[in-house]
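See structure below.
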Amino acid sequence: MTVELSCDVLVIGGGTAGSMAAITAAEAGRDVLLLEKAHVRHSGALAMGMDGVNNAVIPGKARPEDYVAEITRANDGIVNQRTIMQTATRGFEMVQRLERYGVKFEKDSFGDYHVRQVHRSGSYVLPMPEGKDVKKVLYRVMRERRLRERLRIENRVMPVRVLVSEGRAVGAAGFNTRTGEFVTVSAGAVILATGASGRLGLPASGYLYGTYENPTNAGDGYSMAYHAGAELSGIECFQINPLIKDYNGPACAYVGNPFGAYQVNALGERFVDCDYWSGQMMAEVAAEIASARGPIYLKTTHLPEESISALEGILHSTERPSRGTFHSGRGHDYRTHDIEMHISEIGLCGGHSASGVWVDENGCTTVPGLYAAGDLACVPHNYMIGAFVFGDLAGAHAAENFVAGQPLPAEQVAEAAELIFRHSRNPDGPPQPQVEYKLRRFVNDYVAPPKTATKLSLALEAFDRMSAEIAEMGARSPHELMRCVEVSFIRDCAEMAAASSLMRDESRWGLYHSRVDLPERDDTRWFHHLNLRKNAAGEMEFIKRPVAEYLVPVDGIAHRAGSVEFLGVRSVSAASVSASSAAEEVVVESGRVLEVLSLVDSQPTLAVLEPYLVDPDVTVRRAAVSVLTEAVPAGFEFALVRAMADEGVRDAAAAGLRELVEVVPASDALREALERSPARAVALEVLWALKLGTAELYAAGLESADIEVRLAAVRGLVALREDALLAVAAADPARELRVQVAKGITDVGVLVALSGDSDVLVRAAALEAAGRVGWPPALHERAAGLIDDPAWEVRVGVARALDDPQLVAGLLDDPNLDVRKAAVRALERWRTDPGVVLALKRALDDTDADVRAYARMALG
């Protein structure tokens, strides 16, 4: 049975943006139909409410121009400032509108909006004391009599395709997730507001629905926009967030920071240098977790009781009601334990990153009559207020420009029906949870950062192969049909994510698009948006679009003019920037690239690959390096060393050699080749790994102006125990180098000298070396004189350098928890001393969990 519906404006998705779009279009007098696959009352990312607004530009507290500049910086300059300016200038009006609807925002004693500062610049966070009621308020507005006659809500209806006729969106097709009825809608305009693609990567827990984002947001709108022919942009710029370890909820630094909470590493250090929420910040978070300083925490245990109580009131009710239960189940609360943090699985999201459907300042996509708003739209870091703003903009524009009465294309309607009901014809087919788990495991293995061309190519092969497996999934109920179709959406998003990541052959946006085979940012070629679309032949093709002229100049980011470039289908790598006009499109030759990539399964010899490695087209050479590192033919190491002399592929070749160093045969011939290589840092690193380097070679490296070369040289000299040459490096102007010398040298005189260095970290590293060199008296004396050093890092070193248990025990009263931790660990070597036993027992009552734990371990 088919249910046929019609309207002026069709809104798909009843979350933040969709609700506002429907309200605005209905207030404009249009006949509006809102389709929601769940129930509008509790659907979307806003289902449980919101604890605050992240990007409120309140007059007197912040300026729109400053906000636009912040977002431009956070997105490495690749933004359409006109869209961001809409949120910046209309956000305050939206706050007032929501307040009129009944949403509460925090006010100070003077009745002004109590805006908080979270990042180092700008004050944009506006708490919402009753944020859990936002969705209830919106639903109440939609059910008001003034709107009810014009706004029809159909819950439990899941659209699967936007229907397009003669290049214009004319409706949608889907089904009822309770009855299984097929549904078609004829509409004058279609607004997609289906949220992020939150079920893309697999959470560390392995639970399919234990995602950071609302797991019902499976990428429906991304897939529907793509199949409608709309352009999507920035799909390679993933969404990755910090979250609570072992729990699918955010750590909520945005909420905690205004109360005095902050992120720390295991040493208690604030480690985030980035000034705004961005991929660069996430790169710093990921690096810190993976380093010896991990794990990381949201520090709360130092807060006063009133602050912790306020945090619990917000975090355990509005943000995640299960959060308090999770903590209490582990015997934790914010008074006694800081919150261990980790990073989430990957997703696609315009509102929290920059991956979404390409829209203009009114929410219009590249398909006439089709709009996108909210987390689905590519308006970087738009968050909740931006979703409301663009829902309003899309609703208003659609209400004014809809074109009703267009016929529905029968072929597309039939294809939509097949996409849905093929699964019910095969009820005993593979179950959806198993197929989805497999698909998303491929996403984690091959698409999640750090990215490489080889892994992304494998991902695309896997996603192509899984199309048939997905088609064979079985369903026995309308609900299972919904889940099966969602897997199709996830596969589409995965393919777009992998293909876009492969196409943008540079690194950008920190962790979001970290290509370890191409680690440098290339503004010359890639100061562009990378868009994709489905062409008339059904292929995924890519277009470079120039970054529009800035409305607001941004310090540190120089806008670069560009042109539109057609990059071809998904397997093609991008060409260099064209100097032609914006209307010109350039087609990149792809034959040789495809030719060399096709060799990978045939295990080509080096002789077969050599012509591609010296091809005049740098794109072909990059592809050849990728195949070389995957096939690993005899002599591959020499080919990679030669490729490191080629500036066009140097980074890829170097990454490949690093990756394969464990299987590289060591030889004098390779040593000689590496000694001649212009990629000095990598050459020295490989020589060190293969134990082929000489003291003379490393000593020459110390003369380099490149700090990476000097660091590699120090590593080699430490391995050779060349203290005399390391002593020379101890005078290097770079702090990082002096720290490495302190960590590796055994010359006590040099360590004593470094313990008096002007830099805190150098002094600390020198003192911490004492145990490694047998606690010499000279370092003990130096440490004894630094017990009261103002830098806690130095006092940590003091605890490890002292050779007197009474002096070390005195550090158990240090105000810094990491100094106390170092002291209690240092006391372990005197654990039988009666005075030390008493000190360790006293440490059992320390306020820091680590100090207590190490005291227990020392006492046995």
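Table for the structure above
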{"read-out": "Qualifying residue in the range 374-395 (condition: closer than 23 Å to Phe175 by Cβ, under 29 Å from the mean Cα position of the chain (by Cα), modelled with pLDDT of 95 or more and among the hydrophobic types (A, V, I, L, M, F, W, C))", "value": "yes"}
{"read-out": "Selected residue (only one of Asp747, Asp757 is over 39 Å from the mean Cα position of the chain (by Cα) and either among the acidic types (Asp, Glu) or surrounded by fewer than 15 Cβ atoms within 10 Å (Cβ to Cβ) (or both))", "value": "Asp747"}
{"read-out": "Hey, Gly716 outside any loop (DSSP other than H, G, I, E, B) and under 31 Å from the mean Cα position of the chain (by Cα) or not", "value": "no"}
{"read-out": "Enumeration of residues in the range 398-430 that are of a type outside the set (Asp, Glu), outside any loop (DSSP other than H, G, I, E, B) and without any contact (Cβ under 8 Å) to a residue 60 or more places away in the chain", "value": "Ala410, Ala414"}
{"read-out": "Residues being of a type in the set (A, V, I, L, M) and more than 17 Å from Arg150 (Cβ to Cβ) - total across the range 395-411", "value": "3"}
{"read-out": "Residue match in the range 99-119 (condition: of a type in the set (Val, Ile, Thr) and modelled with pLDDT of 95 or more)", "value": "no"}
{"read-out": "Residue within the range 291-300 that is buried (at least 19 other Cβ atoms within 10 Å of the Cβ), among the small types (Gly, Ala, Ser) and farther than 20 Å from Ala448 by Cα present", "value": "yes"}
{"read-out": "Test result for Thr452, modelled with pLDDT under 95 and closer than 23 Å to Ala652 by Cα", "value": "no"}
{"read-out": "Any chance Ala666 is out of contact with any Asp or Glu (no Cβ under 8 Å at 6 or more places or on another chain) and not charged (D, E, K, R)", "value": "yes"}
{"read-out": "Selection count, the range 639-652, where residues are small (Gly, Ala, Ser) and farther than 17 Å from Asp522 by Cα", "value": "3"}
{"read-out": "All positions within the range 376-415 that are of a type in the set (A, V, I, L, M, F, W, C) and surrounded by fewer than 24 Cβ atoms within 10 Å (Cβ to Cβ)", "value": "Ala396, Ala399, Phe402, Val403, Ala404, Leu408, Ala410, Val413, Ala414"}
{"read-out": "Scan of the range 765-781 for residues that are closer than 14 Å to Ala826 by Cβ and part of a helix (DSSP H, G or I), ordered by number", "value": "Leu767, Glu768, Gly771, Arg772, Leu779, His780"}
{"read-out": "Enumerated helices (runs of 4 or more DSSP H) restricted to the range 655-707, each holding at least 3 residues that are free of Cβ contacts under 8 Å to residues at least 24 places away in the same chain and not aliphatic (A, V, I, L, M)", "value": "668-676"}
{"read-out": "Residue count for the range 507-531, restricted to those that are without any contact (Cβ under 8 Å) to a residue 60 or more places away in the chain, in contact with an Asp or Glu (Cβ under 8 Å, 6 or more places away or on another chain) and polar (S, T, N, Q)", "value": "1"}
{"read-out": "Restricting the range 61-83 to residues that are surrounded by fewer than 21 Cβ atoms within 10 Å (Cβ to Cβ) and touching a strand residue (DSSP E or B) at 6+ places or on another chain (Cβ under 9 Å), the residue that is farthest from Leu530 (Cα to Cα)", "value": "Lys61"}
{"read-out": "Selection count, the range 431-470, where residues are part of a loop (DSSP other than H, G, I, E, B) and farther than 30 Å from Arg178 by Cβ", "value": "4"}
{"read-out": "Test: residue in the range 72-86 that is of a type in the set (S, T, N, Q), free of Cβ contacts under 8 Å to residues at least 40 places away in the same chain, over 18 Å from Val137 (Cβ atoms) and assigned to a loop (DSSP other than H, G, I, E, B)", "value": "no"}
{"read-out": "Residue tally, condition surrounded by fewer than 16 Cβ atoms within 10 Å (Cβ to Cβ) and either assigned to a helix (DSSP H, G or I) or in contact (Cβ under 8 Å) with a residue 12 or more places away in the chain (or both), over the range 838-851", "value": "6"}
{"read-out": "Selected residue [surrounded by fewer than 24 Cβ atoms within 10 Å (Cβ to Cβ), modelled with pLDDT under 95 and in a loop (DSSP other than H, G, I, E, B)] from Gly29, Gly49", "value": "Gly49"}
{"read-out": "Selected residue (criterion: modelled with the highest pLDDT) from residues of the range 552-583 that are in a loop (DSSP other than H, G, I, E, B) and in contact with a Ser or Thr (Cβ under 6 Å, 6 or more places away or on another chain)", "value": "Ser563"}
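Quick grid of which residues meet (1) under 21 Å from Ser353 (Cα atoms); (2) among the hydrophobic types (A, V, I, L, M, F, W, C); (3) surrounded by fewer than 24 Cβ atoms within 10 Å (Cβ to Cβ):
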site	(1), (2), (3)
Ala193	yes, yes, no
Tyr212	yes, no, no
Thr216	yes, no, yes
Ala225	yes, yes, no
Ser233	yes, no, no
Asp246	no, no, yes
Phe259	no, yes, yes
Arg270	no, no, yes
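The values are calculated or read from the model by the stated rules, or taken from the named source; none is laboratory data. For clarity, every value in this text was computed on a predicted model and none was experimentally measured. Counting neighbours? That spans all protein chains shown, and the Cβs are built from the backbone with ideal geometry, glycine included.
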